[in-house]
Amino acid sequence: LVMKFVLKNYFETSCKILFCTVLFWHAYMQVSEASGLYNERLYELIISTPEAVEAKQNLMLNDFEIDLLTKQTGPKVNFSSNGNYPLKTEISPQNSRVSSVDERYIDGKLSLDVQIYDFGAQNELITSENFKKLSGQIELRILEQELYFDLLKTGFEIVALTQNINMIEGDIELHNLDRAIIKKRFIHGTGTSIDIKEAELISLNLENEYRNAKSDLTERRSYFLVKFGQNFDIYRMEIEEIHKLLPEPVKAFEIENGLKIRKLSYEIEAIESEINSIKKSRLPVISSSLSLNMYNLDVGIGNDYSFTGGVNMRVPLYDTGASKSKEYSALMKIKIVKTQIIKEQNIWQQKWDQNNFAISNITNQIDFISKKQSELSDKYELLQNLSKTLQTNFMETVNARVASRQLYREENQLQWELSGRYLETAYLREYLLMND
């Protein structure tokens, strides 16, 4: 019965370790799979950030911990010595309290200790560390997704702001031509001072919009440089290419087994293995020992010695409930992690719903602006024709043209904002660095 119990526990723990190894290899292989939004240069940029480097170093700590736990049950060789050299005594040699054995000696002991079996307690700890390593591996993948999303989102914002600034510069140049015409009309008596003031006000608004856009662009470029350690222009081509590859967002998606959920599930597995180790630590531990005892080394090496050996068994009987307290604490941790799973699912669902709502809202705005722009285009063409025959105020034509350009800029800005939302959909689906 004892052998059957031993073999059963050995088989269970071995299977768990093998299962962890397979899971870890599967996770590693998935990292190498890339979606259409993956770019090797951009990926190399994010994995060189301090956050990613730190996460990799934390993974190495798991390897060291597993190695330590594996070696703790291995054979141990120790050497110890003890000696005695009386410095002063006032007891006479004839006194019966004085031993006839030489009181001056140096002895040595070379011992070999081997743990034979602990009913799988140590293997459960190794299994726990393997699950922690899996959790750390997924945590690294989560961080990579976040960094990649942040990089692309920041890149989209920089490109959008650059385009917007170029458009404003063009509009300022065109409006300066209109201002010159309005001043000439005023000089020739066909325009008014009110037209000049209105044109100046439009110019001030354009200049203010230009300064704000330049300020935002400087801030975004600075963020990119500090966060990723490189100038944005080096990677502009790659980011613009990814923008062209953005997939249409899906309307509904269930992330039942997302990265964060899987990470927390592995944490539960790790805690459960710790609980099993605590339970098995209450069972006997069988070990063997072999020692070479060497006496009177001060006289000569190898003259007096003895070999001793045997099989030992340590049985924990009472620990004032310390192991039970550890077990209850671990069970509470499992409840906390399960609550975190529900919390993460709710957070993800909230982000998904908010992003879908934003996509719908931006799409409606773009449709509205497109219709309004079409109406303004027709109005501008009509006013331009009437202006040639002096049937309308030239300033009305200018205002229509300015409004049309402004709508065009707003539409371009909304298109890039929509692209950012598409990108977030891919990020929420964990599709940026992975296959669908």
Q | Cβ-defined net charge surrounding ARG421, 14 Å radius [Lys, Arg +1; Asp, Glu -1] | A | -1
Q: Report the semi-axes of the equivalent ellipsoid for segment 177-269 in whole Å, largest first, where each axis is √(5λ) for an eigenvalue λ of the Cα gyration tensor.
A: 54, 19, 14
Q) For segment 270-322, what D do you get in µm² per second when you plug the Kirkwood radius from alpha-carbon pairs into Stokes-Einstein at 20 °C and 1.002 mPa s? A) 145 µm²/s
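Any chance you could list the semi-axes, whole Å, largest first, of the equivalent ellipsoid that the Cα gyration tensor gives for segment 198-345, using √(5λ)?
69, 29, 17
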Q | Cα centroid separation - segment 306-359 against segment 193-220, whole Å | A | 59 Å
Q: Give the Rg (one decimal place) followed by the Dmax (whole number) of segment 308-386, computed from C-alpha coordinates and expressed in Å.
A: 34.4, 117
Q.
Test of understanding: what is the full-extension gain from ASN166 to LYS184, defined as 0.36 nm times their sequence separation minus their Cα-Cα distance?
A. 3.7 nm
Q) Given the pairs LYS153/LYS227; LYS244/LYS343; LYS56/LYS76; LYS263/LYS335, which are separated by over 23 angstrom at their Cα positions? A) LYS244/LYS343; LYS56/LYS76
Q. How would you rank 274-287, 39-52, highest first, on the average number of other Cβ atoms within 10 Å across their residues?
A. 274-287, 39-52
Q) How do the peptides 415-427, 316-328, 120-132, 188-200 rank, highest first, by the average count of neighbouring beta carbon atoms within 10 Å per residue? A) 120-132, 415-427, 188-200, 316-328
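Please arrange MET332, MET395 by accessible surface area, largest first, computed with a 1.4 Å probe and ligands excluded.
MET332, MET395
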**Q.** ILE116 long-range amide H proximity, modeled H, under 5 Å
**A.** ILE286, SER287, SER288
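The values are calculated or read from the model by the stated rules, or taken from the named source; none is laboratory data. Only a predicted model underlies this, so the values are computations on that prediction, with no experimental measurement involved. Backbone-built Cβ (ideal geometry, glycine too); neighbour counts: all protein chains shown. Ligands, DNA and RNA are stripped out before the accessible areas are found, and what is left, the full protein with its side chains, is counted by its heavy atoms. Shrake-Rupley method; radii C 1.70, N 1.55, O 1.52, S 1.80 Å.
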